[in-house]
Amino acid sequence: MFVFQSKVTCIINRDKQRDLQYVQEYKPENGNVSHLRVLLYGPVGAGKSSFINSVSNVLRGRMTIPTLASATTSNTSFTRRYETFKIRKGKGNPKTFYPFVFNDVMGLEEGSDSGVRAEDIKLAMKGGVREGYKFNPLSPLSERDPGYNPTPSPDDRVHILVCVFSANSFSCCLPENSDWVSVSAAIPQMAIVTNIDAACAEIEKDLKNVYMSKHLKKKVSVRHSAVGIPMNCICPVKNYSQEIQINDEVDSLIVSALRLIIDFGDDFIDNMQTSPAGQ
Ligand SMILES: Nc1nc2c(ncn2[C@@H]2O[C@H](COP(=O)(O)OP(=O)(O)O)[C@@H](O)[C@H]2O)c(=O)[nH]1
Ligand SMILES: [Mg+2]
């Protein structure tokens, strides 16, 4: 959570071990849901794949193969497929996974024909997009398409929407006025701001400076006003990018963001129990 020590009562616990234990022991209480689904949303290069990799590194306590992150931030390198990423728990066989999963999509960039249309993102949030569907930026997913899921289960639904943006860039591609934002309003929303190391020399020197950095605070305020996500729902993270070893400071921010994601998503899952199916 983006909290400044001097101003706001710190409700976030930056104790890595406590947060880690919390997320490791998490299990949705709602028996109709076997996993919490997180949708990461943001422009190409924002650090969505790197965040999933970073979560995997933290949870597994070691560097894991970074198969997801693109080596470049070019528009052509991202995949438009709707794909669910799971994180392995333990080493045993059969394989077991953490009860939270990730999908990532990029929005349709203005003036460009790449990205995922707002209608499709809205549909994905309701669970209406099948695994493996390749989004077409030129036309929305139709009910006749095999990629359309007319009967989404509670597991197929998105339970928390996380807007990902880089502190190093102003590109966000959040369609401020489109109606999917209001539809998604029923789903909790938060944001993570990545690349805090690249955006601020003080932070690059020492990640502990994250809550002191006026430069970062200014950048986040601008974004907060643009997308309307409360400041205390914006988590600063530094993703694993060039490191060859696990680092406590990096872990601490990642796991604290993950804990907030889980808490918000789980609140939504809890409320689903009392809402009619598909609402
Ligand atoms: N220094 C630094 N680099 C990052 C961070 N997050 C992502 N990157 C790099 O930015 C590039 C794009 O990241 P990626 O995760 O593929 O972005 P995506 O398109 O949103 O999935 C990769 O080369 C990452 O290594 C970060 O927090 N700090
Ligand atoms: Mg990616």
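The values are calculated or read from the model by the stated rules, or taken from the named source; none is laboratory data. Given the structure is predicted, the values throughout are model-derived calculations rather than measurements. Heads up: the accessible areas ignore ligands, DNA and RNA and are worked out on the full protein's heavy atoms, side chains in. Shrake-Rupley method; radii C 1.70, N 1.55, O 1.52, S 1.80 Å.
Taking amide H as placed 1.01 Å from N in the peptide plane, the amide H of Ser166 sits under 5 Å from that of Thr194, each at least 5 places away or on another chain. Straight-distance candidates among the aspartates and glutamates for linking to Lys126, with alpha-carbon spacing under 12 Å and chain neighbours fewer than 8 residues away dropped: Asp155, Asp156. Compared with the direct C-alpha span, the chain from Ala198 to Phe97 gains 33.2 nm at full extension, assuming 0.36 nm per residue. Excluding same-chain neighbours fewer than eight residues apart, the lysines reachable from Lys214 by a Cα-Cα span under 25 Å are Lys7, Lys16, Lys48, Lys205, Lys238.
Counting only protein heavy atoms and a probe of 1.4 Å, the accessible surface of region 77-168 is 47% carbon and sulfur. Students often forget the sequence filter, so: which aspartates and glutamates lie under 15 Å Cα-Cα from Lys134 once same-chain residues fewer than 8 apart are removed? Those aspartates and glutamates meeting the cut-off are Glu83, Asp104, Asp113, Glu119, Asp120, Glu143, Asp145.
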